[in-house]
1. Determine ³J(HN,Hα), in whole Hz, for all residues of the range 142-154 in sequence, where each value follows from phi through the Karplus function 6.51 cos²θ - 1.76 cosθ + 1.60 and θ = phi - 60°; x replaces Gly and Pro.
2. Using alpha-carbon pairs under 8 Å, 6+ residues apart, how would you state the relative contact order of the chain in percent?
3. Scan around Ala112 for amide H atoms under 5 Å from its own, H built in the peptide plane at 1.01 Å from N, and keep only partners 5 or more places away or cross-chain.
4. Pop out the carbon and sulfur fraction of the accessible area of the range 17-143 as a percent, whole number, probe 1.4 Å.
5. What is the sum of charges, Lys and Arg at +1 and Asp and Glu at -1, for the other residues whose Cβ falls under 13 Å from the Cβ of Leu76?
6. Could you tell me the distance between the Cα centroids of the range 111-164 and the range 45-65, to the nearest Å?
7. Any chance you could give the angle, 0 to 90 degrees and rounded to 10, that helix 2-11 forms with the longest Cα principal axis of the chain?
8. Tell me, what is the per residue accessible area of the chain in Å², probe radius 1.4 Å?
Amino acid sequence: VIMGNLGSLSESSIGAAAAGVVDPTLSAARRGAELIRALLGFSRSQPLAPQATEVGPLAALVVKLLRRSLPPATLLQLDEAPAPLWAWIDASHLQDALVNLILNARDAGATAITVRPVHAVLDAAAAAALQTPPGRYVRVDVQDDGHGMDAATRARVFEPFFTTTDVGKGTGLG
């Protein structure tokens, strides 16, 4: 309803005069809708929406958006693949994962973070270890020089909503 009304307003003569307010508000409403969709997907209340996605530009967008939220002394860089890398994924979930990994690196005191999409081939042994079929995949490496995780943290890292961030700091999930 809100986005529909803002869209109608932006197309009207009044909207043209107020574009400096209407356009950012419409953009914020779209981001809010995407956030709700991502949260519902995270809680598994909404099914994944995989589609063919070129991973490099998606990673580049996340890097571009997060550069401004990192301390000035932190170097965030993207090592681009030499050729397009396509994957059948839910793009919002990959974006969320990259955001989390980069912000976790920041919180771990990293001063250098590199995001690197790469082509990967899993042979039968590697595929069996990951419980997935052998074949060609896209892997996104996120490397940093932060202090890392102790054994207790590594044991819990895949628990939903697990955080090492103190209550009242960071995402608000802790």
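The values are calculated or read from the model by the stated rules, or taken from the named source; none is laboratory data. These figures come from a predicted structure and were not determined experimentally. Every residue, glycine as well, gets a Cβ built from its backbone with ideal geometry; the counts of neighbours run over all protein chains shown. Surface accessibility is based on the protein's heavy atoms, side chains included, excluding ligands, DNA and RNA. Shrake-Rupley method; radii C 1.70, N 1.55, O 1.52, S 1.80 Å.
1. Computed from phi, the couplings for the range 142-154 are 10, 10, 9, 10, x, 7, x, 10, 7, 4, 5, 5, 4 Hz.
2. Reported relative contact order: 16 percent.
3. HN-HN under 5 Å from Ala112: Leu75, Asp145.
4. 61
5. With Lys, Arg at +1 and Asp, Glu at -1, the neighbours total +2.
6. 17
7. Computed tilt is about 60 degrees.
8. Computed with neighbouring chains in place, this is 67 Å² per residue.
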